[in-house]
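J.: Pasting a structure here, questions to come.
The values are calculated or read from the model by the stated rules, or taken from the named source; none is laboratory data. Just so you know, these numbers come straight off a predicted model, no measurement behind them. A quick note on method: Cβ atoms are made from the backbone with ideal geometry, for glycine too, and the neighbour counts reach across all protein chains shown. The accessibility values were calculated without ligands, DNA or RNA, using every heavy atom of the protein model including side chains. Shrake-Rupley method; radii C 1.70, N 1.55, O 1.52, S 1.80 Å.
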Amino acid sequence: MDNLEKKLTLWYNELKGENFPLVGKKNANLGEMLKADIPISPGFAITIHANDIFMQESGIKVELEQLIANQSKETTPENIVHLSEFAMAAIEKATMPEALEKHILRDYHRLCEICGVEDLPVAVRSSGAVSMPGQMETYLNIRGDRDLSDYIKKCWASSYCIEALTYRVNRDIGVLFNIGVGIPKMVNSKTSGVIFTNNPINGDPSKISIDASYGLGEAVVSGLVTPDSYLIDKITLDPVKIIRGSKEIECVYRTGSSDIVEKEVDEARRKVNSLSPEELRHLCITSKKIEKYYGKAYDIEFGIDADLKFPDNVIILQVRPESVWNKKKAENKKSEPTDAMSMILKQLINGVKFS
Amino acid sequence: MAKQFLDPHDVPAIEGTEGWERMYPYYYQFSTDDKERKEYESGQLWYYDGLHYPEPHTPFDLIWDEAWYLALSQYNSRIFMVPPAKGIDHRIVNGHVYITPIGIADPKEIEARIPLFMKRAGHYYENWDKIYDGWVEKTIELIEELEAVEFKNLPEMEDESVVFEHRGMGSGYDLGVQYDELINMGFKVWQYHFEMLNLGYAAYVTFINTANQFFPDIPMATLTKMVSGIDVVMYRPDSELIKLAKMALEFKLESKLDAQTSFASLQQELGTSDNGKKWLAAFEEARYPWFHISTGTGWFHHNRSWNDDLDVPLANIKMHIESLQAGKDPSRPTAKLIAERDRIVDEYMELFQNPDDKKAFQEALGIARKVFPYVENHLFYVEHWFHSVFWNKMRDLSRVLVDGGMIKEVEDIWYLNRADIKVLIDDMVRAWATGVVPAGRNKWPKEIEWRKGVMAKFREWTPPPALGVPPEVVTEPFSIVLWGVTTNVLKKWLTSLDTADGDITELHGSPGSSGIVEGKARVIKKVADLALLQAGEIMVAPTTSPSWAPAFTKIAGAVTDVGGPMCHAAIVCREYGLPTVVGTGNGTSVIKTGDLIRLDGDSGIVELLK
C-alpha cells in the first residue's frame, strides 16, 4: 500500500474509499463502488501527488508560496482575486512535465484500448480530498491527447478559482491545494434512466422500479419523454408489470462537442422495450447490490453504453438514498392479527379483493 | 356494456333435444313453477364450471358433480361452520354445469358461527399432519375396497353354497346391493376429498392475500415457489417414467422402444432379453399405483388412465428419452427448487421492518406450507387413482347389463344416470328371477340412442361463461383463486357479449405464469392431440391435467379457457417457467391452430396477431 502514495495515476479498480487522501473523494468513492461490484464507467484517477509534482516542477508552487508570503496576513477579497488570477493563468500556461504527461497519456491510451475507441471521449473531473461541493470544474466529452492534457491543467487550475479559494480560506484549509482528477470514459448511453430500489408509489420494498428511455439520461430525468416503466420483483427478478412508453425523443451528444441535442426516435424503436431482458436483469442485480451495500433504498441513475459489450455496458452514473420511503418507514401500521387462525378467519369474512 | 348475463330461465333450448332434462336429476333444473326458488335463481350469478368440465356431462358422469355438490357445501355450511359461507349451488343447462356460491348475509349469524369455526377448523389446522396421514390411510383402504368389487353375470342356477351355507340371499339381490355400494364408495371418497380441502384452500388464500398486503403485486409464481412441496405425489407418475427412460438408455433399449409404437409389441420384443425383462419388471412395478393417473382430469369416463392404455406412458417415456439424449434432464431439480425456495423466503423476510408484519407473514406462510401437500396430493388419490378404478368397475357392471340384454354396448352405460341404472338393474334381476324377458330391454337401447343424439347437440353448443346477475364485487375466495372469476373477469365477459368471435383480437384471462412469448398456437382439446405439439408452440387448451407433464418441456407457453392462478396449468407452468394465461373463457374457440399469438403472462392478455 505504501507505494500507492508515490503513484501518479491509479485506476479506479486499484482504489477504495479510504484512499481519498491520495486521489480525492469522488475518485475514491468510484473505487469503492467497484469494490462493491457496482459497475461504473471505466477510467483512472490522476493522483494529488501528480498535481503536486506538476506544481513543483513547473515552479508554480514556489512562485505561489512567495506571493502568499508577500501578501498581508489578513486575506482580503482583493488578495484572493489576485492569487486566483495568477495561479489559474500560470497553471494553464505551464507545460506538463514530460514524464508526468507521458504517464497520463499512457493510461489514457490504455483506456482507449480497453474501450476499443480511438481518441475516446472522456470526462475530466475534479476530485478534492476535502468536500467542496460544486467549487471546482468538470469537463465533458474531452477527446485526444492534446485536449486531455490541456483540460487536466484547466481542472487543476479550477482549484484556484475564486469560489474555491474563498471556501478554503474561510475554513482555514490553506491556499495551496492539490486535487485529484478523474478520467472516466464518457458514457455514450444508448438507453438510460432512473432506478428506485423499491416501488416509489407505495413503498413496497420487494420491488425494483426502473424508468428507461433511449439516449442520454436527460430525456428521462427532465421528463422530455414517457419512458418504458418496469416493475420488477426484487427477489425473483421476474417482471411484475411492464408499461411501454412512447419514447418519441432521445438526447445524444453533438459530435465533437460536449453539448446535447434532441433527436427523434424512429417508429420501430418506439415500439420495443428500450432495455433488453439481460440488461434489465443485470440492472436489477446491480441495484440490489447498491441497496445492500448502503443499507437502504436507493435512487440510481444508469446508462447503457453503446460502445461496450454486455454486461460491461451497464454503467451506474450516480447513486443517492431514496428520500420518501426511507423516512416513512418508522411509522407503524395499526395492529392486525398475527396468528394463523385469526388471519384465516379474517380472510374468509372479508373475502379476496384481487382485481 | 351489458349489466347482466342472460337470465338462467331464458336460455334457449336446443332444437331436437326437448326432454333432455330427464337425463339428469330434477334438482339440477332451473325452476319453472316454484316462484321463490325461481326468484332466488334469477338473482344469483351462475358461472359455467369449465374448470372441471370442458364438455357437457353424459348422464352418468354427473356423479362427481353430485358428489362435490354435497361434500364441499356441507363442510362449509354444516361441519366447519365457515362463518360467511354456505355451500355452492349447482344447476345444469344443456348438459353444462353452472355453479353459484351461497353466502351468509346476516352479520349476527356470521358472528355466531365464528367461535364454532375457530374450534372446529382450529382442531384440523392444529393436527393437520396427523389428520393428513390418517386421510391417506383411509383413502387407500377405500380404494382397496373398491378394487375388490367384482360384478358377475347372473347365474343360470345359484351355487349350492347359497343353500348349504344358509346364505339367505340371492345374486339378483346382491347385484343391486353391489351397485349401491359402488355408488356409495364414490360419494364417500368425495366426502374424504373435501374433509381437508376447503380448509387447505382457505389457508392458502390467506397466505396469498397476506403476502399481497405487504408486497402488492407479488407474482403468484413467487408465492407458489415459497410453499411449493418438494415431495409431491402428483409428480411421482412422471418421475417414474423418467426413471424408466433412464433405465432404457442404461440398458441400451432405446432403439427397441423407438421401433415399437404399442406397448404390446414392445413387451414381446423385450421379453427375449435379460435387460428387456428387467426393464419390463420395473415398468410393471411402476404401474401400481403410479399409472392410475388419468390422461384427462379424471372427471369423465373417457379420461382413461395410463394403466388403461399403456401406449400413453410409453410415448411419454420416449419423449423423456429424447430429452435425455439431447442432454436435458427432465427430472424435477429438487435440490435447486429447495435452495431457490429458501433463498426467496429468506430475502422476503429480510424486507420486513416491523416485527408484527414479519410474524403475520411467517404465520401465513407456515400454515400454507402445512396445507399444501394435501392441496396438491389429494388429486392423485381421488380424481386419478380412485376414479380410474371406478370407471372400470362401472364397465364391469355394464358388461353384466349387456349380457343381460338390457343395453347394447359397454360404453352405453354412461348415457344412463345413476338412478336409471338402479331401476334397470331392478328390472333385469326380476326378469332373471322370474325367467321372463325384462320390461326395459326395448326401452333403454332406444333411450340411449336418443340421448347420444342429444349429447352430440350439447357438444356443439357453446355455453355462455355466466348467467344471471353479477355481484358488484366478487370476494368469494374459491371462485377467484380456482375458477379465476374476479370482478374484472366478469366485466370482460360482459363486454364480450357485444363482440362477435371473428372480431376478437385480444383475449383477457388471469396471469398464470410470468413472461411474454410469441408463437404459433396449437389447440389441444384432448390428450390424443398432445402428440401433434411441435417444439416452441403455444398450447391452447380448455384446461390441463398433470399427466400432460411431458408436453410442458416442449411448449413455449400455454393458454387455457378456464382456471385461476392456482389451477394446475398455472402451477405447472410456473414450475417450468413458461408464460401462461389462464381463464380466457373462450381461447380454444377463438384461437385456431396455426394462429400467431402473443401472450403476456404478467398482464393476462393474449393478442391474436394473425
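J.: Can you find a residue in the range A:212-224 that is part of a strand (DSSP E or B), under 26 Å from A:Ala94 (Cβ atoms) and open to solvent by less than 60 Å² (accessible area, probe 1.4 Å)? Show your work before the answer.
T.: Pass one, the range A:212-224, residues part of a strand (DSSP E or B): A:212-215.
From the residues that got through so far, the ones that are under 26 Å from A:Ala94 (Cβ atoms) too are none.
No, that holds for no residue.
J.: Picking from B:Leu154, B:Leu146, which residue would you name as being in a loop (DSSP other than H, G, I, E, B) and either within 14 Å of another protein chain (Cβ to nearest Cβ) or of a type outside the set (S, T, N, Q) (or both)? Can you show your working first?
T.: On the way: B:Leu146 fails: in a loop (DSSP other than H, G, I, E, B).
From the options B:Leu154, B:Leu146, the qualifying one is B:Leu154.
J.: Further question on the same structure: Can you pull out the helices (runs of 4 or more DSSP H) entirely within the range A:1-72 that have at least 2 residues that are more than 15 Å from the chain's Cα centre (by Cα)? Spell out the reasoning first.
T.: On the way: elements: A:20-23, A:25-35, A:48-57, A:60-70.
The helices (runs of 4 or more DSSP H) meeting that bar are A:20-23, A:48-57, A:60-70.
J.: Still on this structure: From B:Tyr415, B:Tyr374, grab the single residue that is closer than 30 Å to B:Arg236 by Cβ and either of a type in the set (A, V, I, L, M) or within 21 Å of the chain's Cα centre (by Cα) (or both). Please lay out each step first, then the result.
T.: Numbers: B:Tyr415 fails: closer than 30 Å to B:Arg236 by Cβ.
Exactly one of B:Tyr415, B:Tyr374 is closer than 30 Å to B:Arg236 by Cβ and either of a type in the set (A, V, I, L, M) or within 21 Å of the chain's Cα centre (by Cα) (or both), namely B:Tyr374.
J.: Please work out if B:Val232 is more than 14 Å from chain A (Cβ to nearest Cβ), touching a residue at least 60 places away in the same chain (Cβ under 8 Å) and either under 30 Å from B:Trp548 (Cβ atoms) or touching a His at 6+ places or on another chain (Cβ under 9 Å) (or both). Let's see the steps before the verdict.
T.: Values: more than 14 Å from chain A (Cβ to nearest Cβ): yes; touching a residue at least 60 places away in the same chain (Cβ under 8 Å): yes; either under 30 Å from B:Trp548 (Cβ atoms) or touching a His at 6+ places or on another chain (Cβ under 9 Å) (or both): yes.
Spelling it out, B:Val232 is indeed more than 14 Å from chain A (Cβ to nearest Cβ), touching a residue at least 60 places away in the same chain (Cβ under 8 Å) and either under 30 Å from B:Trp548 (Cβ atoms) or touching a His at 6+ places or on another chain (Cβ under 9 Å) (or both).
J.: Continuing with this model, one more query. Check the range B:334-347 and report whether any residue there is closer than 23 Å to B:Ala528 by Cα, open to solvent by less than 60 Å² (accessible area, probe 1.4 Å) and either of a type in the set (A, V, I, L, M, F, W, C) or outside the structural domain of B:Lys554 (by TED's automatic domain parsing) (or both).
T.: Start the filter on the range B:334-347 by keeping residues that are closer than 23 Å to B:Ala528 by Cα, which leaves none.
No, every residue in the range B:334-347 fails to be closer than 23 Å to B:Ala528 by Cα, open to solvent by less than 60 Å² (accessible area, probe 1.4 Å) and either of a type in the set (A, V, I, L, M, F, W, C) or outside the structural domain of B:Lys554 (by TED's automatic domain parsing) (or both).
J.: Further, regarding this structure: With the requirement that a residue be open to solvent by 10 Å² or more (accessible area, probe 1.4 Å) and closer than 27 Å to A:Ala268 by Cα, what does the range A:190-211 give you?
T.: First pass over the range A:190-211, keeping only residues open to solvent by 10 Å² or more (accessible area, probe 1.4 Å): A:190, A:194, A:196, A:199-203, A:205, A:209, A:211.
Passing the criteria: A:Lys190, A:Val194, A:Ser209, A:Asp211.
J.: Which members of the range A:298-355 meet the condition of being modelled with pLDDT of 90 or more, surrounded by fewer than 19 Cβ atoms within 10 Å (Cβ to Cβ) and β-branched (Val, Ile, Thr)?
T.: Answer for the range A:298-355, where residues must be modelled with pLDDT of 90 or more, surrounded by fewer than 19 Cβ atoms within 10 Å (Cβ to Cβ) and β-branched (Val, Ile, Thr): there is none.
J.: Also, I was wondering about something else. Please go through the range B:283-296 and give me each residue that is open to solvent by 30 Å² or more (accessible area, probe 1.4 Å) and either in a loop (DSSP other than H, G, I, E, B) or not charged (D, E, K, R) (or both), ordered by number.
T.: B:Tyr288, B:Trp290
J.: Which residue pairs have Cβ atoms closer than 8 Å, lie 6 or more positions apart in sequence or on different chains, and pair a first residue in the range A:173-184 that is surrounded by 19 or more Cβ atoms within 10 Å (Cβ to Cβ) with a second residue that is assigned to a loop (DSSP other than H, G, I, E, B) and among the charged types (D, E, K, R)?
T.: Close Cβ pairs (under 8 Å, with a partner that is assigned to a loop (DSSP other than H, G, I, E, B) and among the charged types (D, E, K, R)) do not exist here.
J.: Restricting attention to the range B:131-187, which residues are among the basic types (Lys, Arg) and either free of Cβ contacts under 8 Å to residues at least 24 places away in the same chain or in contact with a helix residue (DSSP H, G or I) (Cβ under 6 Å, 6 or more places away or on another chain) (or both)?
T.: Of the range B:131-187, the ones among the basic types (Lys, Arg) are B:138, B:152, B:167.
Scanning the range B:131-187 gives a single hit, B:Arg167.
J.: Here's a follow-up. If you take the residues in the range B:582-609 that are within 13 Å of B:Thr544 (Cβ to Cβ) and either modelled with pLDDT of 90 or more or not in a loop (DSSP other than H, G, I, E, B) (or both), which one is nearest to the chain's Cα centre (by Cα)? Quick ask: steps written out before the conclusion?
T.: The first filter runs over the range B:582-609 and keeps only residues within 13 Å of B:Thr544 (Cβ to Cβ), leaving B:582-583, B:587-588.
Applying the additional criterion that residues be either modelled with pLDDT of 90 or more or not in a loop (DSSP other than H, G, I, E, B) (or both) yields B:582, B:587-588.
Working: B:Val582: 15, B:Gly587: 19, B:Thr588: 18 Å.
The selected residue is B:Val582.
J.: Residues of the range B:188-221 being at the interface with chain A (Cβ under 8 Å from one of its Cβ atoms) and hydroxyl-bearing (Ser, Thr, Tyr), which ones?
T.: Matches in the range B:188-221: B:Thr206, B:Thr210.
J.: Which members of the range B:32-51 meet the condition of being in contact (Cβ under 8 Å) with a residue 12 or more places away in the chain and not in a helix (DSSP H, G or I)? Can you show your working first?
T.: Of all residues in the range B:32-51, those in contact (Cβ under 8 Å) with a residue 12 or more places away in the chain come to B:32, B:38, B:41-51.
Within the range B:32-51, B:Thr32, B:Gln44, B:Leu45, B:Trp46, B:Tyr47, B:Tyr48, B:Asp49, B:Gly50, B:Leu51 meet the criteria.
J.: Looking for whichever is touching an Asp or Glu at 6+ places or on another chain (Cβ under 6 Å) and either open to solvent by 60 Å² or more (accessible area, probe 1.4 Å) or not in a helix (DSSP H, G or I) (or both) here; the options are B:Lys256, B:Lys252, B:Lys243, B:Lys278. Which one fits?
T.: Working: B:Lys252 fails: touching an Asp or Glu at 6+ places or on another chain (Cβ under 6 Å); B:Lys243 fails: touching an Asp or Glu at 6+ places or on another chain (Cβ under 6 Å); B:Lys278 fails: touching an Asp or Glu at 6+ places or on another chain (Cβ under 6 Å).
Testing whether each residue is touching an Asp or Glu at 6+ places or on another chain (Cβ under 6 Å) and either open to solvent by 60 Å² or more (accessible area, probe 1.4 Å) or not in a helix (DSSP H, G or I) (or both) leaves just B:Lys256.
J.: So for the range B:386-393 (the condition being in a helix (DSSP H, G or I) and facing chain A (nearest Cβ under 8 Å)), does at least one residue qualify? Reasoning before the result, please.
T.: We begin by selecting, within the range B:386-393, every residue in a helix (DSSP H, G or I); these are B:386-393.
Now restrict to residues that are facing chain A (nearest Cβ under 8 Å): none.
For the range B:386-393, residues in a helix (DSSP H, G or I) and facing chain A (nearest Cβ under 8 Å): absent.
J.: Out of all the residues in the range B:13-32, is one or more assigned by TED's automatic domain parsing to the domain that holds B:Ile99, in contact with an Asp or Glu (Cβ under 9 Å, 6 or more places away or on another chain), at pLDDT below 95 and closer than 27 Å to B:His384 by Cβ?
T.: no
J.: As an exercise: evaluate A:Ile260 against (1) within 14 Å of chain B (Cβ to nearest Cβ); (2) closer than 30 Å to A:Leu120 by Cβ; (3) open to solvent by 40 Å² or more (accessible area, probe 1.4 Å); (4) among the hydrophobic types (A, V, I, L, M, F, W, C) and give the number of the one condition it does not meet.
T.: Every listed condition holds for A:Ile260 apart from (1).
J.: Being open to solvent by less than 70 Å² (accessible area, probe 1.4 Å) and in contact with a strand residue (DSSP E or B) (Cβ under 6 Å, 6 or more places away or on another chain) is the requirement here; does A:Cys155 meet it? Break it down stepwise before answering.
T.: Working: open to solvent by less than 70 Å² (accessible area, probe 1.4 Å): yes; in contact with a strand residue (DSSP E or B) (Cβ under 6 Å, 6 or more places away or on another chain): yes.
Yes.
J.: Another one. Just the residues that are in a strand (DSSP E or B) and either away from chain B (no Cβ under 14 Å) or open to solvent by 40 Å² or more (accessible area, probe 1.4 Å) (or both), please, taken from the range A:230-256.
T.: So the first thing to find is which residues in the range A:230-256 are in a strand (DSSP E or B), and the list is A:230-233, A:239-243, A:249-253.
Listed by number, the residues that qualify are A:Lys241, A:Ile242, A:Ile243, A:Ile249, A:Glu250, A:Cys251, A:Val252, A:Tyr253.
J.: Let me ask another. Modelled with pLDDT of 90 or more and closer than 30 Å to A:Leu67 by Cβ: is that true of A:Val265 in this structure? Walk me through how you get there before you give the answer.
T.: Details: modelled with pLDDT of 90 or more: yes; closer than 30 Å to A:Leu67 by Cβ: no.
Answer is no for this residue.
Here's the yes/no breakdown for (1) farther than 25 Å from A:Asp339 by Cβ; (2) polar (S, T, N, Q); (3) crowded, with 20+ Cβ neighbours inside 10 Å:
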| position | (1), (2), (3) |
| --- | --- |
| B:Asn76 | no, yes, yes |
| B:Pro83 | no, no, yes |
| B:Ile88 | yes, no, no |
| B:Val93 | yes, no, yes |
| B:Val97 | yes, no, yes |
| B:Thr100 | yes, yes, yes |
| B:Ile110 | no, no, no |
| B:Lys119 | no, no, no |
| B:Lys130 | no, no, no |
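J.: Continuing with this model, one more query. If I go through the range A:158-178 residue by residue, how many of them are touching a Leu at 6+ places or on another chain (Cβ under 8 Å) and of a type in the set (Ser, Thr, Tyr)? Steps first, please.
T.: Filtering the range A:158-178 for residues touching a Leu at 6+ places or on another chain (Cβ under 8 Å) gives A:160, A:165, A:175-176.
Narrowing further to those that are of a type in the set (Ser, Thr, Tyr): A:160.
Result for the range A:158-178: 1.
J.: Let me ask another. Of these, B:Thr224, B:Thr206, B:Thr272, B:Thr210, which one is assigned to a loop (DSSP other than H, G, I, E, B), among the β-branched types (Val, Ile, Thr) and on the phi < 0 side of the Ramachandran plot? Give the steps one after another, and end with the answer.
T.: Numbers: B:Thr224 fails: assigned to a loop (DSSP other than H, G, I, E, B); B:Thr206 fails: assigned to a loop (DSSP other than H, G, I, E, B); B:Thr210 fails: assigned to a loop (DSSP other than H, G, I, E, B).
Residue meeting the stated conditions: B:Thr272.
J.: Which members of the range A:193-221 meet the condition of being charged (D, E, K, R) and within 14 Å of another protein chain (Cβ to nearest Cβ)? Break it down into steps so the answer makes sense when it comes.
T.: Taking the range A:193-221 and keeping what is charged (D, E, K, R), we get A:204, A:207, A:211, A:218.
Hits for the range A:193-221 are A:Asp204, A:Lys207.
J.: Cβ-Cβ under 6 Å, sequence separation 6+ or interchain: first residue in the range B:319-339 and of a type in the set (Lys, Arg), partner in a helix (DSSP H, G or I) and surrounded by 12 or more Cβ atoms within 10 Å (Cβ to Cβ). Which pairs?
T.: So the pair list comes out as B:Arg332/B:Tyr235.
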